[in-house]
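The values are calculated or read from the model by the stated rules, or taken from the named source; none is laboratory data. It should be emphasised that the depicted structure is a prediction, and the values quoted were computed from it without experimental measurement. Here the Cβ positions follow ideal geometry from the backbone for every residue, glycine too, while neighbour counts run over all protein chains shown.
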Amino acid sequence: MTGFVLKKILTIILLPVGLIVVILIVAALFMKKRLKICVIALAVLIYMLSIDPTADLFIVPLEDAQRPASLEEVKTGDVYVVLGGGINENAPDINGVGMIGSSALARIITAYRLYLIAKKPIIFSGGMVFTKTPEAEVARRFLVSLGVASQDIIMEGKSMDTYENARYVREIADKYQFRKIVLITSAYHMKRSYMLFSRRFTQILPFPTDFKTSRGPYDPLSFLPSAENLALVETAMREYMGILFYTVNP
């Protein structure tokens, strides 16, 4: 056990974030006092932003913002609405080119599992942002390969952000007379999504997925820096900025 922990510590220290912190601290030892303080402060900042407790501090309030609908509540919905989360456009897949990104994959799998429990149409909302292929096209192929009936899949491939997700899904809902939607997106993204969809829908059943926090007790390894935690902090900050923007600009 001691050897395993030591290996984990050494690995994390030698990975980019841990290595940067170590290099900054070592470099500070050879600097003049004023510059030394600045460099050490930078090292501490990077360290603090890259440990589990800090990532949780940013992400957990977002993930807990909306109570997930129960399965019984989900069964009363008219349609599953899955928000896109990016694709790897040119990556090879089993049945074509283009793979669903990790966040979108978690959302689609959740919709598929709910579909097996209670079959209802699935709207996938995701267009082109920095790709030439609409995310919805890749999502359709993936859903069909899972066994979802083609007639149960409705693609929305024009939206470029969450605001447009809500706008174009509303148009589809009006066309098909969907009133109560089951909104499926990553837990960290649900607060902003619910806020925007609430402006266009009166009946929303939130079903967050793709949780990023384990909710378990911390251990010594939780206080070692990692790039993943830095990415989570960045993701959370992006969400908070989006929420602020749409609060100020309703």
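When you go through K175, K191 one by one, which is the residue that is closer than 14 Å to E63 by Cα and either surrounded by 13 or more Cβ atoms within 10 Å (Cβ to Cβ) or of a type outside the set (S, T, Y) (or both)?
From the options K175, K191, the qualifying one is K191.
Quick one: what pairs do we get from region 201-226, first residue at positive phi, second surrounded by 12 or more Cβ atoms within 10 Å (Cβ to Cβ), C-beta under 6 Å, 6+ apart or different chains?
D210/S103; D210/A106; D210/S186
Can you confirm whether L105 is assigned to a helix (DSSP H, G or I), free of Cβ contacts under 8 Å to residues at least 60 places away in the same chain and not assigned by TED's automatic domain parsing to the domain that holds S145?
Spelling it out, it is not the case that L105 is assigned to a helix (DSSP H, G or I), free of Cβ contacts under 8 Å to residues at least 60 places away in the same chain and not assigned by TED's automatic domain parsing to the domain that holds S145.
Name the residues in region 113-155 that are of a type in the set (K, R), surrounded by 15 or more Cβ atoms within 10 Å (Cβ to Cβ) and not in a loop (DSSP other than H, G, I, E, B), would you?
The answer is R140, R141.
From S193, S145, S186, S214, which residue is among the small types (G, A, S) and more than 16 Å from the chain's Cα centre (by Cα)?
Details: S193 fails: more than 16 Å from the chain's Cα centre (by Cα); S186 fails: more than 16 Å from the chain's Cα centre (by Cα); S214 fails: more than 16 Å from the chain's Cα centre (by Cα).
Only one candidate passes the filter, namely S145.
Of the residues T110, T76, only one is in a helix (DSSP H, G or I) and either crowded, with 17+ Cβ neighbours inside 10 Å or of a type in the set (V, I, T) (or both); which? Can you show your working first?
Numbers: T76 fails: in a helix (DSSP H, G or I).
After ruling out the rest, the residue left standing is T110.
Among the candidates T110, T133, single out the residue that is β-branched (V, I, T), at pLDDT below 95 and in the same structural domain as Y188 (by TED's automatic domain parsing).
Answer to the selection: T133.
Inside region 193-224, can you point out the residues that are more than 23 Å from Y112 (Cα to Cα), in a helix (DSSP H, G or I) and touching a Ser or Thr at 6+ places or on another chain (Cβ under 9 Å)?
Hits for region 193-224 are M195, L196.
So, of the residues in region 202-241 that are modelled with pLDDT under 95 and small (G, A, S), which turns out to be farthest from E164 (Cα to Cα)?
S222
With the structure loaded, tell me whether M160 is in a loop (DSSP other than H, G, I, E, B) and of a type in the set (A, V, I, L, M) or whether it fails that test.
Considered against the rule, which asks whether it is in a loop (DSSP other than H, G, I, E, B) and of a type in the set (A, V, I, L, M), M160 comes out as yes.
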